[in-house]
């Protein structure tokens with residue numbers, strides 16, 4: 001199955017029976033539906049699965065321009081689901097998310113609620129925190145989301161190591177990591193294990209007022225003290241340093257002449273929640289595309305040709 | 001006349017004939033109208049001259065609260081021009097501006113045109129450039145604005161020294177220095193001589209994409225490459241380093257996913273002209289106020305309580 005898997009660029013789970021193959025279409029029988037839902041895909045070509053009650057499923061390469069997928073159920077030969085609209089979501093697998101927080105977790109809550117309401121086609125499988133007593137961790141426990149403590153410190157001697165964290169996230173089959181007010185540096189093992197899969201939100205218009213030491217109210221104080229007239233949240237992919245990965249979305253808020261840091265923070269926070277939910281929504285619907293220069297763009301849900 | 005001049009705090013040009021003097025009012029006869037218009041004034045009490053066709057003009061100390069002048073024409077004994085509103089601008093002395101350019105000078109031209117149209121209550125009295133052949137310098141010569149070369153170099157051996165530049169600007173009685181695409185570092189002598197009087201415009205939302213090496217198209221290429229979704233011009237006061245003085249005004253423009261650096265540059269440039277003219281207008285009408293933390297604010301022309 002590995003040879004076949006590499007031919008179509010999908011890693012096929014074991015206990016898969018080969019049935020037939022044509023240049024564009026491969027029919028296989030799986031041991032269980034669950035297994036297939038965890039197939040990884042190479043970036044660029046998404047291969048999406050449709051599972052039926054019959055355990056025979058056909059995987060077909062989607063053309064790179066369409067935003068849906070083409071598949072045929074070998075039982076009924078239906079050529080359906082050339083889904084250029086993204087609304088038939090019930091048949092697309094929900095993404096598995098891990099959220100990292102150090103504090104109150106307001107962005108975490110916003111995303112969690114959006115997932116419950118069906119705005120976000122994904123589920124938060126696990127929370128990672130360096131502060132087991134923080135608001136985010138409490139909310140996670142109240143909502144039956146497992147909590148992992150990372151990294152180790154004097155106050156958290158039982159925390160996991162970086163290698164253990166990677167292994168655990170892999171076990172949970174996490175697709176994306178969402179940092180939402182996590183104050184520790186993401187270790188290189190994690191960045192390498194999850195390329196183009198870690199997002200962070202920062203409360204300023206990066207690259208302004210970013211980097212080491214710029215967190216919480218300190219950001220807003222610096223914005224005000226500089227005389228900047230605009231600020232706003234930035235969502236970006238994470239690389240090995242603080243706040244320097246490619247930007248995927250931003251919003252602008254005005255800075256008023258009589259603003260306190262708290263007032264500016266509240267104005268920005270309001271936009272943070274909207275923005276992060278919108279980006280995670282796009283992420284879970286595979287609407288992030290990568291420009292040639294490495295900048296991630298979001299494909300509009302209504303009009304797949306519109307990028308922003 | 002020097003003694004008399006120093007009593008009222010005005011340098012009187014020669015030849016001036018003394019006619020009479022009371023405790024508050026002095027009548028003199030001038031050789032020509034032009035001469036009086038160049039009287040420089042002590043800071044705080046503005047003594048503004050009104051020249052009327054008879055060459056007798058009365059100079060009177062303006063009360064420090066008024067922004068206009070009190071003057072009486074000895075010929076008609078009219079007590080006019082007690083202007084405490086800002087709209088009778090022709091009675092307030094026009095500010096004297098120096099502009100620094102290295103290139104085409106589009107911001108320089110925008111400000112120059114605004115002065116000609118009466119939008120800006122000031123005059124560009126001198127242009128400083130390191131490139132005597134640049135577009136800005138040509139435009140200056142076409143418009144009878146004297147050109148000073150600074151700094152000197154192998155290609156510009158006629159350049160003045162920093163010390164000479166300060167002396168020259170003082171002689172021209174320049175009130176404000178406007179940097180508009182000037183690529184050399186402003187020497188410390190100049191910054192110290194013209195405290196809170198030097199402005200610069202930069203084509204990004206400082207502090208993002210600012211500092212050494214960030215000029216021209218390089219700025220816009222960096223903005224696009226980072227994935228930033230917003231950019232725009234920043235006007236700020238100048239201190240001894242590049243692009244780090246307090247921000248006075250900004251505008252926001254969107255960055256589109258298919259923007260080239262040239263397209264973004266054009267969109268930002270259009271906002272540059274608007275914001276620089278607006279700021280220079282406020283500067284020449286003494287509408288810049290300083291917040292306690294050192295951030296400069298602009299007082300609105302319509303409503304004196306509104307700051308932005």
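Coordinate-derived values only; no laboratory data. Just so it is clear, the structure is predicted and the values come from calculations on it, not from any experiment. Don't worry about glycine lacking a Cβ; one is built from the backbone with ideal geometry, like all the others, and counts go over all protein chains shown.
Worth a mention:
- Pairwise centroid distance, computed over Cα atoms, of segment B:164-230 with segment B:246-308, Å: 14
- Prolate/oblate/rounded call for segment A:205-308, Cα gyration tensor, a/c under 1.5 rounded: prolate
- Other protein chain C-beta atoms within 10 Å of residue C-beta, averaged over B:203-214: 3.
- Linear extension gain, residue A:274 paired with residue A:162, 0.36 nm per residue minus alpha-carbon span: 37.2 nm
- Ranked list, fewest to most other Cβ atoms within 10 Å of each Cβ, for A:204, A:106, B:231: A:106, A:204, B:231
- Taking a ≥ b ≥ c as the square roots of the Cα gyration tensor eigenvalues, segment B:94-217 comes out rounded, since a/c falls below 1.5.
- Difference of contour (0.36 nm per residue) and Cα-Cα distance, residue B:141 to residue B:301: 54.3 nm
- Considering only segment A:95-298, percent of DSSP beta bridges that pair antiparallel, nearest 5: 40
- Taken residue by residue and averaged, Cβ atoms of other chains lying within 10 Å of the Cβ of B:219-228 number 5.
- Simple spin-label estimate for residue A:94 and residue B:162 in nanometres, 7 Å along Cα-Cβ: 6.5
- Computed lengthening from residue B:292 to residue B:185, 0.36 nm per intervening residue step minus Cα-Cα distance: 35.7 nm
- Shielding of peptide B:293-301 by partners, expressed as the average count of other chain Cβ atoms within 10 Å per residue Cβ, is 2.
- With contacts taken as Cα pairs under 8 Å at a separation of at least 6 residues, segment A:100-160 carries a relative contact order of 31 percent.
- DSSP bridge analysis restricted to segment B:110-258 gives an antiparallel fraction near 60%, rounded to the nearest 5.
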